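Asker: Below is the structure I would like to discuss, written out as structure tokens.
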There are 2 protein chains.
Amino acid sequence: MSDLKAYLREQQRMIAAALQRFLPRSSVRPSTIHRAMRHPVFAGGKRLRPILCLTAAEACGGDSEHALAPACAVELIHTYSLVHDDLPCMDDDNLRRGKPTTHVLFGENVAVLAGDALLTEAFAIIAQTPERKRYRTRDYVTELASTSDSRRLIGGQIMDLEGEGKALTRAQLVRIHEAKTAALLTSSLRLGGMSANASASRLQSLTDFGKSLGLAFQVIDDILDVTQSTEKLGKTAGKDATVEKATYPAILGLEKSRQEAQRLTRKALTALHPLGRRAARLHQIAHYLLDRDY
Amino acid sequence: MSDLKAYLREQQRMIAAALQRFLPRSSVRPSTIHRAMRHPVFAGGKRLRPILCLTAAEACGGDSEHALAPACAVELIHTYSLVHDDLPCMDDDNLRRGKPTTHVLFGENVAVLAGDALLTEAFAIIAQTPERKRYRTRDYVTELASTSDSRRLIGGQIMDLEGEGKALTRAQLVRIHEAKTAALLTSSLRLGGMSANASASRLQSLTDFGKSLGLAFQVIDDILDVTQSTEKLGKTAGKDATVEKATYPAILGLEKSRQEAQRLTRKALTALHPLGRRAARLHQIAHYLLDRDY
């Protein structure tokens with residue numbers, strides 16, 4: 001485990017360095033927008049999605065260096081969606097990762113534009129991924145766009161908004177989580193695999209792993225929102241109940257939600273079997289995510 | 001001129017049909033987001049940017065059919081930027097092209113997400129542009145991303161916001177207009193040329209044409225905001241003065257602004273010379289834009 005922690009720290013360091021290179025410096029004019037873009041990117045995120053991207057590339061025998069562009073691209077997509085999600089007209093959240101959100105520091109108008117700019121930058125960066133025999137720039141861009149579009153990431157946010165205050169079925173909740181969380185985690189893994197020229201069957205293993213891991217991850221997030229303090233979460237706790245958001249604990253209860261998280265993790269780990277010993281790190285990461293104190 | 005009008009109508013028809021194909025139908029779930037995306041796209045825009053894209057492809061000896069993907073992509077970039085620009089926390093405009101703006105019809109939160117989704121869709125679509133000997137998917141995506149990013153389109157919006165209520169110099173105003181308007185018009189032309197495998201020197205002619213045309217276009221927009229009614233404009237007239245926005249008429253006066261528009265048009269037309277007779281349509285379009293009643 002200490003070995004895993006050192007590995008994660010090293011990945012985080014590589015990703016932060018690459019993001020520093022890819023993003024315009026704060027001094028570039030107009031400097032307001034560049035400071036506003038950099039604030040949420042360097043506000044202490046876990047870098048889960050880019051780490052999955054780099055680790056998937058390694059699991060497919062690739063060089064993580066070649067996966068840095070897609071890794072940064074998925075991190076920027078994730079970051080932009082948080083910036084817009086936190087806006088007063090959306091979830092209206094002032095705190096994220098223990099820091100003031102972008103609109104609190106820069107104003108709503110700049111936060112809208114900073115989110116737009118991060119989204120745009122994600123596509124500028126994904127286009128720099130080295131092409132492989134099996135995968136071309138078009139494949140990378142299409143993967144990133146389709147996982148972020150009005151059916152997946154944005155679709156999930158809409159379903160989430162429309163579900164507030166309503167009694168959703170478990171199937172509806174799964175659909176929201178697949179679109180809002182699991183899709184981008186899955187594409188992070190897939191893009192890493194693609195940068196390593198992974199075969200179709202390996203890409204399928206990563207896809208199956210990502211879907212189950214993504215759902216498990218979201219179930220645990222829902223549980224933590226109920227059981228933990230704002231201080232420990234680094235974001236406003238108990239928020240879901242306040243806005244009557246449908247969550248696993250609300251629908252299944254806490255104990256069954258924990259069982260569901262464990263079932264999904266087992267399913268995720270089973271999906272890794274075909275990748276063999278090279279997938280050891282992905283295994284470890286899945287365990288690490290699920291050993292959060294939920 | 002009646003010949004030009006028929007040409008423009010035919011281009012508009014082709015573009016509308018392509019946008020219908022590229023965008024998810026309203027019935028696709030979650031349908032709210034797809035209705036909200038389609039509203040501003042089909043609310044009666046002039047399709048100036050996509051028409052320039054198709055016409056530039058023809059001027060470089062290409063088939064406008066192959067330029068439909070970039071044409072739709074630039075139109076979606078333009079549309080998303082209007083949706084976000086009209087938000088209450090931005091320009092707070094209720095009327096656009098004579099119709100209620102997206103947030104008026106769908107709420108602020110959905111309008112934010114619809115803008116995000118149109119931006120994302122633009123990149124999904126640009127990646128479908130056929131590759132040419134000189135231009136690859138990476139070139140198309142990079143062109144679209146860099147013209148829309150925090151230095152150009154979004155940078156221009158930030159400079160615009162930051163300039164409100166301040167006395168700007170003419171040089172500062174030109175910088176805003178280049179970033180906010182001329183860059184995307186120029187890239188529309190360039191992407192059309194690229195889809196036709198244009199040589200570097202032809203692409204340069206299109207670039208020079210676009211820069212001057214874009215500035216001329218913005219000067220005229222500024223003039224019309226002062227001289228025309230809300231009804232005729234299809235958007236709130238006199239808005240610039242209300243928010244103390246720096247404009248050409250405010251800095252130079254009306255008469256000098258008109259002279260400047262004419263000087264820029266002559267410069268634009270001169271840039272077309274190297275393209276020869278094939279650029280006749282671009283010529284006509286430039287004249288048509290500048291013969292607006294300003």
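The values are calculated or read from the model by the stated rules, or taken from the named source; none is laboratory data. Only a predicted model underlies this, so the values are computations on that prediction, with no experimental measurement involved. When we count neighbours, we look across all protein chains shown, and the Cβ atoms used for this are built from the backbone with ideal geometry, even at glycine. Only protein heavy atoms, including side chains, enter the accessible area calculation; ligands, DNA and RNA are left aside. Shrake-Rupley method; radii C 1.70, N 1.55, O 1.52, S 1.80 Å.
Asker: With the condition kept exactly as written, say whether any residue in segment B:130-152 is out of contact with any Gly (no Cβ under 7 Å at 6 or more places or on another chain), assigned to a helix (DSSP H, G or I), more than 22 Å from residue B:20 (Cα to Cα) and among the hydrophobic types (A, V, I, L, M, F, W, C).
Answerer: Within segment B:130-152, one or more residues are out of contact with any Gly (no Cβ under 7 Å at 6 or more places or on another chain), assigned to a helix (DSSP H, G or I), more than 22 Å from residue B:20 (Cα to Cα) and among the hydrophobic types (A, V, I, L, M, F, W, C).
Asker: Take segment A:104-113 and flag every residue that is under 16 Å from residue B:162 (Cα atoms) and assigned to a helix (DSSP H, G or I).
Answerer: So in segment A:104-113, the residues under 16 Å from residue B:162 (Cα atoms) come out as A:105-113.
Answer for segment A:104-113, where residues must be under 16 Å from residue B:162 (Cα atoms) and assigned to a helix (DSSP H, G or I): A:105, A:106, A:108, A:109, A:110, A:111, A:112, A:113.
Asker: Across segment B:66-98, what is the number of residues that are at pLDDT 95 or above and farther than 30 Å from residue A:106 by Cβ?
Answerer: Qualifying residue count, segment B:66-98: 7.
Asker: Output yes when any residue across segment B:25-34 is over 19 Å from the mean Cα position of the chain (by Cα), surrounded by fewer than 19 Cβ atoms within 10 Å (Cβ to Cβ), among the hydrophobic types (A, V, I, L, M, F, W, C) and under 23 Å from residue B:196 (Cβ atoms), and no when none is. Spell out how you get there, then give the answer.
Answerer: Step one: of segment B:25-34, the residues over 19 Å from the mean Cα position of the chain (by Cα) are B:25-34.
Going one step further and asking which of them are surrounded by fewer than 19 Cβ atoms within 10 Å (Cβ to Cβ), we end up with B:25-29, B:31.
Keeping just the survivors that are among the hydrophobic types (A, V, I, L, M, F, W, C) gives B:28.
Next, only the ones that are under 23 Å from residue B:196 (Cβ atoms) stay: none.
No, segment B:25-34 has no match at all.
Asker: Now, a different point. Taking segment B:142-159 only, how many residues are more than 9 Å from every other protein chain (Cβ to nearest Cβ) and open to solvent by 20 Å² or more (accessible area, probe 1.4 Å)?
Answerer: Within segment B:142-159, residues that are more than 9 Å from every other protein chain (Cβ to nearest Cβ) and open to solvent by 20 Å² or more (accessible area, probe 1.4 Å) number 2.
Asker: Okay, next question. Taking segment B:261-272 on its own, how many of its residues are surrounded by fewer than 21 Cβ atoms within 10 Å (Cβ to Cβ) and farther than 15 Å from residue B:204 by Cα?
Answerer: 3
Asker: Among the residues of segment A:33-57, which ones are touching a Gly at 6+ places or on another chain (Cβ under 8 Å) and either assigned to a helix (DSSP H, G or I) or closer than 20 Å to residue A:147 by Cα (or both)?
Answerer: Matches in segment A:33-57: A:33, A:52, A:53, A:54, A:55, A:56, A:57.
Asker: Scan (1) in a helix (DSSP H, G or I); (2) open to solvent by less than 10 Å² (accessible area, probe 1.4 Å); (3) under 30 Å from residue A:63 (Cα atoms); (4) more than 11 Å from chain B (Cβ to nearest Cβ) for the single condition residue A:173 breaks and write down its number.
Answerer: Exception for residue A:173: condition (3).
Asker: If you scan segment B:161-170, which residues turn out to be open to solvent by 20 Å² or more (accessible area, probe 1.4 Å) and more than 9 Å from every other protein chain (Cβ to nearest Cβ)?
Answerer: Step one: list which residues in segment B:161-170 are open to solvent by 20 Å² or more (accessible area, probe 1.4 Å), which gives B:161-162, B:164-170.
Those that are open to solvent by 20 Å² or more (accessible area, probe 1.4 Å) and more than 9 Å from every other protein chain (Cβ to nearest Cβ): B:164, B:165, B:166, B:167, B:168, B:169, B:170.
Asker: Ok, one more. Just to verify a result, which residue in segment A:273-294, among those that are over 30 Å from residue A:227 (Cβ atoms) and of a type in the set (Lys, Arg), is most open to solvent (accessible area, probe 1.4 Å)?
Answerer: Only one residue fits best here, namely A:277.
Asker: Considering only residues that are of a type in the set (S, T, N, Q) and within 21 Å of residue B:136 (Cβ to Cβ), which ones fall in segment B:158-200?
Answerer: Within segment B:158-200, B:186, B:187, B:188, B:195, B:197, B:199 qualify.
Asker: Go through segment B:200-225 and count every residue that is of a type outside the set (Asp, Glu) and under 13 Å from residue B:56 (Cβ atoms).
Answerer: So the count comes out to 9.
Asker: Another question, then. So, in segment B:70-121, of the ones that are of a type in the set (S, T, N, Q) and under 20 Å from residue B:192 (Cβ atoms), which residue ends up surrounded by the most Cβ atoms within 10 Å (Cβ to Cβ)?
Answerer: B:79
Asker: Follow-up. Tell me the residue from B:139, B:92 that is within 13 Å of chain A (Cβ to nearest Cβ), acidic (Asp, Glu) and farther than 24 Å from residue B:37 by Cα, please.
Answerer: B:139
Asker: Could you tell me which numbered condition residue A:117 fails, if it satisfies all but one of (1) without any contact (Cβ under 8 Å) to a residue 60 or more places away in the chain; (2) in contact with a Ser or Thr (Cβ under 6 Å, 6 or more places away or on another chain); (3) within 7 Å of chain B (Cβ to nearest Cβ)?
Answerer: Of everything listed in (1) without any contact (Cβ under 8 Å) to a residue 60 or more places away in the chain; (2) in contact with a Ser or Thr (Cβ under 6 Å, 6 or more places away or on another chain); (3) within 7 Å of chain B (Cβ to nearest Cβ), residue A:117 misses just condition (1).
Asker: Residues of segment A:266-294 being among the basic types (Lys, Arg) and not in a loop (DSSP other than H, G, I, E, B), which ones?
Answerer: Result: A:266, A:267, A:277, A:278, A:281.
Asker: Now for a separate question. From the residues in segment A:35-54 that are of a type in the set (Gly, Ala, Ser) and surrounded by fewer than 24 Cβ atoms within 10 Å (Cβ to Cβ), which one is nearest to the chain's Cα centre (by Cα)?
Answerer: The residue in question is A:45.
Asker: Let me ask you something else. Give the residues of segment B:12-51 that are within 12 Å of another protein chain (Cβ to nearest Cβ), under 15 Å from residue A:158 (Cβ atoms) and in contact (Cβ under 8 Å) with a residue 24 or more places away in the chain, sorted by residue number.
Answerer: Hits for segment B:12-51 are B:32, B:33, B:35, B:36, B:37.
Asker: Can you tell me how many residues in segment B:58-67 are open to solvent by 10 Å² or more (accessible area, probe 1.4 Å) and assigned to a helix (DSSP H, G or I)?
Answerer: Adding up the residues that qualify gives 4.
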